[in-house]
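Written below as structure tokens is the structure these notes are about.
The values are calculated or read from the model by the stated rules, or taken from the named source; none is laboratory data. Note that the coordinates shown come from a computational prediction; the quantities given were computed from them, not determined experimentally. Positions of Cβ are backbone-derived with ideal geometry, glycine not excepted, and every protein chain shown enters the neighbour counts.
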Amino acid sequence: MNMNIKYPRIWIAAHGGPLEVASDKNTPPVILRLLAGDDDWHVRRRVADNPNTPAGVLSKLAGDDVWMVREIVAENSNTPVNVLLLLAADEDEMVRQSAVFNPSLPVDVIRQLAKDAKWQVRDGVGQNPNTPPDVLSELAQDKDEEVRQAVAMNRETPAKALRRLAKDEILHVWTAAKENLRERRLSP
């Protein structure tokens, strides 16, 4: 594909419009760079989600005013680690939760986010397969049932923590823990 597109707006229109082009994995980076400045946050969100979006464009989108754009930047595996660290400290809990799922997020930051005031972030830590076992054991005692359920469902949760969760007072927590124990062929 020709990377020197003379009339990008015409090219975008000819290829289905901004939303379609922003989602297309074959869209050239030069077009994604242009669409990252679009007035419509839906277009910017799709650019953030595109695996072909350059790291520099993701860095720019990490500062977007709309949290739903920053959330997708946090999930993109091409987001530079230094930008991911900023997103892990974002004011919006949904952005922080999304950062937890990025495989490039350092373990020390996962440990920090396990202590987040918002249950949604701790829930994300509980779901993450990269969360260290000692952190999962801590989160197994979280005050919020959603966090305990996430830990109960995590295949990396230590057996001792799962056995404790299998005795939880909340039905969906103990059933998830027992299911995990059964799938891993561990005694309850």
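Summary of computed values
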item	result
Residues satisfying the stated conditions in region 139-160, i.e. within 25 Å of ARG185 (Cβ to Cβ) and assigned to a helix (DSSP H, G or I)	LEU139, ARG148, GLN149, ALA150, VAL151, ALA152, MET153, ALA159, LYS160
Evaluation of VAL57 against (1) over 18 Å from ASP123 (Cα atoms); (2) in the same structural domain as ASP134 (by TED's automatic domain parsing) (one fails), failing number	(2)
Some residue of region 173-183 being at pLDDT 95 or above, outside the structural domain of ALA88 (by TED's automatic domain parsing), within 25 Å of ALA74 (Cβ to Cβ) and among the basic types (Lys, Arg)	no
Test result for THR27, over 18 Å from the mean Cα position of the chain (by Cα), surrounded by 15 or more Cβ atoms within 10 Å (Cβ to Cβ) and outside any helix (DSSP H, G or I)	yes
Residue within region 137-145 that is of a type in the set (Ser, Thr, Tyr) and closer than 22 Å to ALA89 by Cα present	no
Positions within region 113-144 being farther than 15 Å from VAL173 by Cα and either free of Cβ contacts under 8 Å to residues at least 24 places away in the same chain or among the small types (Gly, Ala, Ser) (or both), in sequence order	ALA114, LYS115, ASP116, ALA117, GLY124, ASP134
Residue count, region 10-24 (criterion: closer than 25 Å to ASN102 by Cα and outside any helix (DSSP H, G or I))	1
